[in-house]
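The values are calculated or read from the model by the stated rules, or taken from the named source; none is laboratory data. Everything numeric in this text was worked out from a predicted model, so none of it was measured. Positions of Cβ are backbone-derived with ideal geometry, glycine not excepted, and every protein chain shown enters the neighbour counts. Heavy atoms of the whole protein, side chains included, go into the accessibility calculation; ligands, DNA and RNA do not. Shrake-Rupley method; radii C 1.70, N 1.55, O 1.52, S 1.80 Å.
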Amino acid sequence: MDNAAGNPAPPAVIVVMGVSGSGKTTVASLLAGRLGWEFEDGDDFHPPANVEKMQAGSPLTDEDRWPWLAAIAAWIDRLRAEGRHGVVTCSALKRAYREVLVGDRPDVRLVYLKGDRELIGRRMAARHGHFMPTSLLDSQFRTLEEPAPDERPLVVSVGATPQAIVAEIGEALTGRPVQGA
């Protein structure tokens, strides 16, 4: 996937994954803006029943997640078919979920925002107006299957500023600094 100059060809779609509170929306929206790509928050693909369940403090089951993941995958495929680029967030905690989103799409790349429970818990406690309560963070970490090397993830620590994280992702995936980072 290198171009004639030897630089990595940018993916068509970047899936920014991690547990709730890892900064997916902030990082992905900044990245999309800097690249001039479309952005979608994976949370917006949840059916109302899923949102209600999470607001009530109940973790989602796999059965709850399959239609949500299929909706995100349909968005990814639509962009690819139209020759457009995008960045989408999705917790994508299990390999099986990532198979739905990335699967055999070589032009879709996974970015894993990795952080420890303490740091992410502090960040979640400080945010307001999000439907995911801090009480579900432990279930997210229990469910998390970190991406394996064969999934070609770009693993980025959440310890830096969002701007530094975006710069790291942009350079790694495009071979050049991203505008404004």
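The listed residues are VAL155, VAL166, VAL100, and the only one of them that is open to solvent by 60 Å² or more (accessible area, probe 1.4 Å) and either closer than 27 Å to GLY33 by Cα or part of a loop (DSSP other than H, G, I, E, B) (or both) turns out to be VAL155.
Select from segment 26-62 the residues that are under 22 Å from ARG142 (Cβ atoms) and touching a strand residue (DSSP E or B) at 6+ places or on another chain (Cβ under 9 Å) and list them in ascending order. Once the filter is applied, which keeps residues that are under 22 Å from ARG142 (Cβ atoms) and touching a strand residue (DSSP E or B) at 6+ places or on another chain (Cβ under 9 Å), segment 26-62 yields GLY42, ASP43. Can you confirm whether segment 35-46 contains a residue that is out of contact with any Phe, Trp or Tyr (no Cβ under 7 Å at 6 or more places or on another chain), among the aromatic types (Phe, Trp, Tyr) and not in a helix (DSSP H, G or I)? Scanning segment 35-46 turns up at least one residue that is out of contact with any Phe, Trp or Tyr (no Cβ under 7 Å at 6 or more places or on another chain), among the aromatic types (Phe, Trp, Tyr) and not in a helix (DSSP H, G or I). Taking (1) within 17 Å of ALA28 (Cβ to Cβ); (2) open to solvent by less than 60 Å² (accessible area, probe 1.4 Å) in turn, ASP62 satisfies each apart from (1).
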